[in-house]
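Reviewing the structure listed below.
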Amino acid sequence: MFYFFDSSALAKLFHPELGSPAVTAIFSEQENEICVSRLAQIEITSVAAIKVRTGAMTPSEAVEFLADVEDTVESQRILVQPLVDQDYRRAQQLLSHHAQQNRLRTLDALHLASAIRRRAAFGVDFFVTADLHLARVAALEEFKTLIPG
């Protein structure tokens with residue numbers, strides 16, 4: 001199976017929280033392929049900072065969290081798809097089409113645009129996000145969605 005993760009779902013692999021067991025189960029199956037947009041690597045740094053700021057994680061745990069993410073990416077267990085101009089154009093279209101009726105944030109539109117490009121080229125079985133609003137828009141874009149948690 002091929003899974004495209006956004007940052008909210010990816011974080012659950014590296015820091016225990018609601019939904020972590022479901023994400024761990026996906027990653028534990030070696031035949032599963034996991035992909036994220038390059039944006040997820042940037043956003044995960046923000047996730048760590050938020051967790052420190054809110055007391056969910058210590059600064060030293062944040063360093064370990066980010067190192068674990070980087071090690072997993074470097075091991076190629078997670079495929080990182082770069083963002084290209086097509087993704088920005090598609091994200092703008094997604095915002096124009098969905099944002100007036102649904103809460104769709106700019107960076108979430110970029111994740112979804114990247115997933116749409118990946119699906120067109122190679123197929124995507126599931127779009128995985130912990131964000132219910134993004135999951136709704138992904139479903140409107142005909143993705144099967146998984147919401148861990």
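Figure legend. Inter-residue proximity from region 80-109: first residues closer than 20 Å to Asp131 by Cα and without any contact (Cβ under 8 Å) to a residue 12 or more places away in the chain, second residues assigned to a loop (DSSP other than H, G, I, E, B) and of a type in the set (D, E, K, R), beta-carbon distance below 8 Å, spacing 6+ or different chains. No pairs are indicated.
Residues in region 97-141 that are farther than 19 Å from Gln86 by Cα and acidic (Asp, Glu) were compared, and the one that is farthest from the chain's Cα centre (by Cα) is Asp125. Which of the residues spanning region 15-38 are in contact (Cβ under 8 Å) with a residue 40 or more places away in the chain and closer than 22 Å to Leu112 by Cα? Passing the criteria: Gly19, Ser20, Ala22, Val23, Ile26, Phe27, Glu33, Ile34, Cys35, Val36, Ser37, Arg38. Tallying residues that are of a type outside the set (Asp, Glu) and out of contact with any strand residue (DSSP E or B) (no Cβ under 6 Å at 6 or more places or on another chain) within region 33-49 yields 10. Can you find even one residue in region 88-101 that is of a type in the set (D, E, K, R) and modelled with pLDDT of 95 or more? Checking region 88-101: at least one residue is of a type in the set (D, E, K, R) and modelled with pLDDT of 95 or more. Looking at region 105-149, which of its residues are acidic (Asp, Glu) and touching a helix residue (DSSP H, G or I) at 6+ places or on another chain (Cβ under 7 Å)? Within region 105-149, Asp108, Asp131, Glu141 meet the criteria.
Every listed requirement among (1) surrounded by 12 or more Cβ atoms within 10 Å (Cβ to Cβ); (2) at pLDDT 95 or above; (3) of a type outside the set (Asp, Glu) is met by Ala25 save one, (1).
The values are calculated or read from the model by the stated rules, or taken from the named source; none is laboratory data. Computed from a prediction, not measured in an experiment: that's the story for all the values here. Cβ sites come from the backbone with ideal geometry, for glycine too, and all protein chains shown count toward neighbours.
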